[in-house]
Amino acid sequence: MSEILLKLSPVFLTFALGVLLRRTRVLRKEDGGLLLKIVFYLALPSLILLSVPDIEISRDLVVLPIIAVVIVLVTGLAALLFFRPRASERPLFGVTIVGSMIMNTNFLYPFILVVYGSAGFATAVVFDVGNASLVLTLVYYIACRFGSGGSGSKNALRRLIASPPLWALAAGLILNVAGVTIGSHVRTFLTSIGNLLIPLVMLALGVYFSPRLVRWPLLLGVLLIRSGGGLILAFLFTSLFGLEGLTRSIVLICGAAPIGYNTLVFSSLAKLDVEFAASLLSTSILLGLLYVPFLMTVLQ
């Protein structure tokens, strides 16, 4: 445990720096969105192009997006059944469902990169294809259905198709199958941009971090379904498909991921209960900082 914590100490310190910069008003909450945009449009695609061409495509890798899709669907169904009699307000009910479904893989990437390297990162990216596909289509549609705002599922589908990480993944897989090696100069450039991912994600987390317990019985229920239920489902699927080693570890860690940023984004766009969504996100991040390193230690 101490060895992993030592490796992850720069990650924790960068998160703390983000909190400090927000508290001293050097950065505002809105700046967190800008940091994550840089990650989404530049750093994440760069790392995908660096790592995916080098991974060995196997049967285990192909089933990962399928596992992610089933986890998202089952946790969503569990939330629908569990919270229907407990969340009487429609905007609040919508947040409980959306929050239970979205896996925060962006939160996990810095931890996975530090502990498992590029191979672990590439495996997590492939897993996230299933998660991201449903988040930007079905989950966004659900948010719009329960809210009074939003621009519909067609807009979400356009966002998915135009996603730079998705195009980077497709390009990386083509390079992998074709056996094409990225040139040293291009690799150096991509590495310099990709290295921004860890500091930018953790700074953004620190900027967004504002823990406040709102409707704590519902909050606890969403956290248990998303991370606890996700971990149980991931464990069942790793056993069912006989996944081992690095692939098994990544599936378990991703299955137990905290609540995703898009819970807050979608709540704002669709006019759901934004206050509850913000409380969910911050509490989940705080808990994730504690249990993700522990889970990585157990899986070593």
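The values are calculated or read from the model by the stated rules, or taken from the named source; none is laboratory data. Since we're looking at a predicted model, the values are computed, not measured. Cβ sites come from the backbone with ideal geometry, for glycine too, and all protein chains shown count toward neighbours.
So which residues in the stretch 253-277 are buried (at least 18 other Cβ atoms within 10 Å of the Cβ) and of a type outside the set (A, V, I, L, M, F, W, C)?
Gly255, Pro258, Gly260, Tyr261, Asn262, Thr263, Ser267, Asp273
Which of (1) modelled with pLDDT of 90 or more; (2) of a type in the set (Gly, Ala, Ser); (3) closer than 20 Å to Ala257 by Cβ does Gly32 not meet, given it meets every other one?
Here Gly32 meets the rest and fails (1).
Here is a yes/no grid of residues against (1) in contact with a Gly (Cβ under 8 Å, 6 or more places away or on another chain); (2) modelled with pLDDT under 90:
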| residue | (1), (2) |
| --- | --- |
| Pro45 | no, yes |
| Val62 | no, yes |
| Met103 | yes, no |
| Ile112 | yes, no |
| Tyr116 | no, no |
| Leu136 | no, yes |
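Take the stretch 1-55 and flag every residue that is free of Cβ contacts under 8 Å to residues at least 24 places away in the same chain and either farther than 28 Å from Ala170 by Cβ or touching a strand residue (DSSP E or B) at 6+ places or on another chain (Cβ under 9 Å) (or both).
Ser2, Glu3, Leu6, Ser9, Leu13, Arg23, Thr24, Arg25, Val26, Glu30
Considering only residues that are crowded, with 21+ Cβ neighbours inside 10 Å and either acidic (Asp, Glu) or within 16 Å of the chain's Cα centre (by Cα) (or both), which ones fall in the stretch 230-248?
Gly230, Ala234, listed by residue number.
Six or more apart or on different chains, Cβ atoms under 9 Å: show the pairs whose first residue is in the stretch 195-214 and farther than 19 Å from Phe40 by Cα and whose second is of a type in the set (Asp, Glu) and crowded, with 20+ Cβ neighbours inside 10 Å.
Val214/Asp273
Being in contact with a helix residue (DSSP H, G or I) (Cβ under 8 Å, 6 or more places away or on another chain), surrounded by 14 or more Cβ atoms within 10 Å (Cβ to Cβ), at negative phi and not in a helix (DSSP H, G or I) narrows it down to one residue among Ala87, Ala79; which is it?
It is Ala87.
Do any helices (runs of 4 or more DSSP H) lying entirely in the stretch 175-271 carry at least 2 residues that are at pLDDT below 90 and more than 22 Å from Leu61 (Cα to Cα), and which ones are they?
184-194, 197-208, 216-223, 262-270
The conditions are (1) under 25 Å from Ala122 (Cα atoms); (2) surrounded by 16 or more Cβ atoms within 10 Å (Cβ to Cβ), and Leu280 fails exactly one of them. Which is it?
Only one criterion is unmet by Leu280, namely (1).
Counting only residues that are more than 21 Å from Val19 (Cβ to Cβ), out of contact with any helix residue (DSSP H, G or I) (no Cβ under 7 Å at 6 or more places or on another chain) and either among the hydroxyl-bearing types (Ser, Thr, Tyr) or without any contact (Cβ under 8 Å) to a residue 40 or more places away in the chain (or both), how many does the stretch 245-300 have?
Final tally of qualifying residues: 2.
Do you know which residues across the stretch 90-106 are surrounded by 23 or more Cβ atoms within 10 Å (Cβ to Cβ) and not polar (S, T, N, Q)?
Selection gives Gly94, Val95, Ile97, Val98, Gly99, Met101, Ile102, Met103.
Pick from the stretch 1-37 the residues that are surrounded by fewer than 16 Cβ atoms within 10 Å (Cβ to Cβ) and β-branched (Val, Ile, Thr): which of them is nearest to Ala124 (Cα to Cα)?
Out of the qualifying residues, it is Val26.
Criterion first (surrounded by 21 or more Cβ atoms within 10 Å (Cβ to Cβ) and not basic (Lys, Arg)) does Leu224 satisfy it?
Numbers: surrounded by 21 or more Cβ atoms within 10 Å (Cβ to Cβ): no; not basic (Lys, Arg): yes.
No: the conditions fail for Leu224.
Give the residue that is nearest to Pro65 (Cα to Cα), with candidates limited to residues of the stretch 272-281 that are part of a helix (DSSP H, G or I) and touching a Leu at 6+ places or on another chain (Cβ under 8 Å).
Among those that are part of a helix (DSSP H, G or I) and touching a Leu at 6+ places or on another chain (Cβ under 8 Å), it is Leu281.
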